[in-house]
Amino acid sequence: MDQPAEILVTNARLLTCEDRTVVDSGAVVVSGDRIAWVGPDALVPAGLRTGATVVDAGGHTVMPGLVDPHMHISFGEAASEEELYLHTPMGYRAIRATVDARRVLLAGVTTSCDPGGPRGIATAVRDAIDVGLIEGPRMAAAGRQMTTQQGIGDTLPAPLGDAPTSMGAIVRSRDEIIQVIRDEVKEGVDMVKVAGSGPGTTEYGAFTLDELRLITSEVHRLDRPTAIHARSRQSIADAVEAGFDWLMHASYMDAATAEKVAERRIPIVPAMTLLVNFLEAGPGWMPQDALDGIKRELDSAVDVLGKAWRNGVSLVAGSESGFAMTPYGEWHTREIELFVDLLGMPHFDALLCMTKHAGSAIPRFGHEVGTLSPGKYADLLVIDGKPDENVKVLGQRNRLLMIMKGGKFVDLSVSVPERIMQSYERTRIYTRGLHRRKS
């Protein structure tokens, strides 16, 4: 079916997400892939109304497409480090990711960012979406996460090092730091991601402050932003001093660092969804001691980030989709629910964390997404419900009545195949216990 050149979405309960305004009888005019006009239905200019294809929103909420700034399209819903780092041929990972990208789009996410994964996959998916080969949210993409032996990018046994199929690139010197940055920029990344802390560490960082300053200096010289996985206190403090553009997690941030984050307007992506999902799944899915550590981190994050938000720190809602605990298409909006339930945010404020604030934070698209504003991409959702009053309606797929991305309607009737795992995608365990001799 041919796509209309001009579309008038009318009879809408309109949330532009530029602020907390609700327009009860609103309209949006779409021209090509951009928004041409937004406002009260009665004030649509006659010249824009004439000849446009009219879409009646039926009084439902019309809002911007969602922006998920922390989604790993290449991870394939991994349940173990071995699955993430070693298993599955790279070609199959990329093909699998194209299907997963559509799952994400069908959840109402029209723009996303993949902050690190196995070499070349996210950028390839990004480019295929850009030229229309596949359907998915428009993407910004990082490459492999730069790491030391103390970062999350290197958690395999030492003899294996950084496997070429893994998400991490180990750097052992200043020269290697520079080389990895230049390699990634040459390969077309939109941002450079650093694994600034390791699993379970609450205090120290994976890099020295001097090394982090070298990273931001070189990345910024090459006109790219920097993001850092930083859960531990020192990694967060050093990342702020080094001038990182984006902090991920910040679970153990101290009060002095939080003040600097607010002053320098550095957005934080907490990604608490993964922690909460682990705890919700319970001991049948993870050892109890690991769950205890996750609970300690979540408790710290709720305390630290709640105070930080109330003191002016910008929080951005990313889902951490891509793990077995956060399958694609299912958990993208849970983070804003947690902002409400755990941090005490009003619903509309939480909604802005996945629209306006997320749009302005991600690289590549900047201020072209996240709000319904003239000149921005025509990314629209029609929702049966009022997400500004209850963000949980966004997680109910039957309430998502229409998705438009870049002025084009997404066909909600075309389903995505159910996931069938190949044998080589799984961790290969000989047995699940000892076969004891009976006396």
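Within the chain, antiparallel bridges make up roughly 45 percent of the DSSP beta bridges whose residues both belong there.
Remark on segment 137-228: Rg and Dmax equal 12.8, 38 Å (Cα only).
Most tightly packed first, judged by the mean number of other beta-carbon atoms within 10 Å of their residues, the peptides 13-25, 423-435, 350-362 read 350-362, 13-25, 423-435.
For segment 294-422, pairs of C-alpha atoms spaced more than 24 angstrom apart make up 36 percent of the total.
Listed by Cβ neighbour count within 10 Å, with the fewest neighbours leading, V28, V192, V38 appear as V38, V28, V192. Placing unit charges on the Cβ atoms only, positive for Lys and Arg and negative for Asp and Glu, gives the chain a dipole magnitude near 740 debye about its Cα centre. Here the Kirkwood formula puts the hydrodynamic radius of the chain at 22.3 Å, using every distinct Cα pair. Measuring against 22 Å, Cα to Cα, the residue pairs K376/K408; K186/K408; K356/K392; K193/K392; K356/K376; K260/K307 contain K186/K408; K193/K392 as the ones spanning a longer distance.
Which net charge results when you count Lys and Arg as +1 and Asp and Glu as -1 among the other residues whose beta-carbon is under 10 Å from that of T110? Value of the local net charge: 0. Charges were assigned to the Cβ only: +1 to each Lys and Arg, -1 to each Asp and Glu. The resulting dipole of segment 61-218 about its Cα centre is roughly 300 debye. Spread over its residues, the convex hull of the C-alpha atoms of segment 1-158 is 145 Å³ per residue. At q = 0.14, 0.23, 0.25 Å⁻¹ the log10 of I(q)/I(0) for segment 203-299 amounts to -0.57, -1.11, -1.23, computed by Debye summation with a single uniform scatterer per C-alpha, solvent ignored.
Treating each Cα of segment 192-239 as one equal point scatterer and applying the Debye formula with no solvent, the log10 of I(q)/I(0) at q = 0.20 Å⁻¹ comes out as -0.58.
Within the shell defined by Cβ-Cβ distances under 11 Å, the residues around E368 carry a net charge of +2, with Lys and Arg each +1 and Asp and Glu each -1. Count Lys and Arg as plus one, Asp and Glu as minus one, and take only other residues whose Cβ is under 10 Å from that of L156; the net charge is then -4. Largest GNM mean-square fluctuation across Q145, Q396, Q422, computed for the chain with C-alpha springs under 10 Å, falls on Q422. Dividing the mean sequence gap of close Cα pairs (under 8 Å, 6+ apart) by how many residues the chain holds gives a relative contact order of 19 percent.
Readers should treat all values here as calculations from the given coordinates under stated rules, not as data from a laboratory. Everything numeric here is computed off the predicted structure, so don't read it as measured data. Ideal geometry is used to build each Cβ from the backbone, glycine not excepted, and the neighbour counts take in all protein chains shown.
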